[in-house]
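Values in this text are rule-based calculations from the coordinates and carry no lab data. Model, not experiment: these values are computed from the prediction. All Cβ positions, glycine included, derive from the backbone under ideal geometry; neighbour counts span all protein chains shown.
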Amino acid sequence: MEIILLERVEKLGAIGDVVTVKDGYARNYLLPNKKALRANEANRKVFEANRARIEADNASRRDEARGRAGDVDGKGVVLIRAASNSGQLYGSVSVRDIVDALNEDGARVTKAMVVLERPIKTIGVFDVRVSLHPEVAVQVKVNVARSPDEADLQARGVDVMAAMFEQDTAGFTEAYDPNAEPGEIPADLLETRPEGEAA
């Protein structure tokens with residue numbers, strides 16, 4: 001289906017571009033959200049007559065988003081979650097979790113603004129893109145940890161999982177005697193009994 005874009009759409013085009021998209025994408029997303037019009041003669045005339053107003057509205061929304069970008073850009077949120085010893089979360093961090101944490105910090109964002117490339121399923125620090133407007137995007141840091149102490153370590157750049165495995169491997173070492181015969185019990189492990197006592 002051919003459509004006329006009413007705002008910039010990522011990977012599609014800018015205001016006024018006539019593009020061809022799949023019918024379902026146009027009917028289910030672009031048209032109901034007023035991001036596009038069907039590309040027919042009547043709509044082309046309506047768009048050209050209102051082009052200046054549409055572009056002015058877009059510019060004012062873009063300027064407002066740039067003003068709000070300072071409140072959101074570079075923010076960091078800490079999410080405490082249960083995880084296994086290997087760092088795998090029991091579940092995952094969703095867009096709603098990130099939005100709730102940012103809004104508690106005074107950011108005023110919606111679920112539609114947070115762009116999560118893939119679900120967060122491990123502990124660590126992740127960069128998440130927040131699109132305040134089709135032309136204004138900022139980055140926030142999401143620190144997923146099992147405890148506040150662990151979150152502080154991760155915020156300082158410590159790889160918690162690597163540190164934990166280093167600590168585990170330093171625990172037990174077995175004494176090895178290269179001259180011992182196979183199956184022989186080391187002398188220090190043999191009990192010394194007083195003379196004359198039966199074993």
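If you filter region 74-90 down to residues that are surrounded by fewer than 15 Cβ atoms within 10 Å (Cβ to Cβ) and touching a residue at least 40 places away in the same chain (Cβ under 8 Å), you find that the one that is nearest to the chain's Cα centre (by Cα) is Gly76. Taking the numbered list (1) over 10 Å from the mean Cα position of the chain (by Cα); (2) buried (at least 18 other Cβ atoms within 10 Å of the Cβ) in turn, Arg108 passes all entries but (2). Taking the criterion of being in contact with a Gly (Cβ under 9 Å, 6 or more places away or on another chain) and outside any strand (DSSP E or B), the only residue of region 116-143 that qualifies is Ile123.
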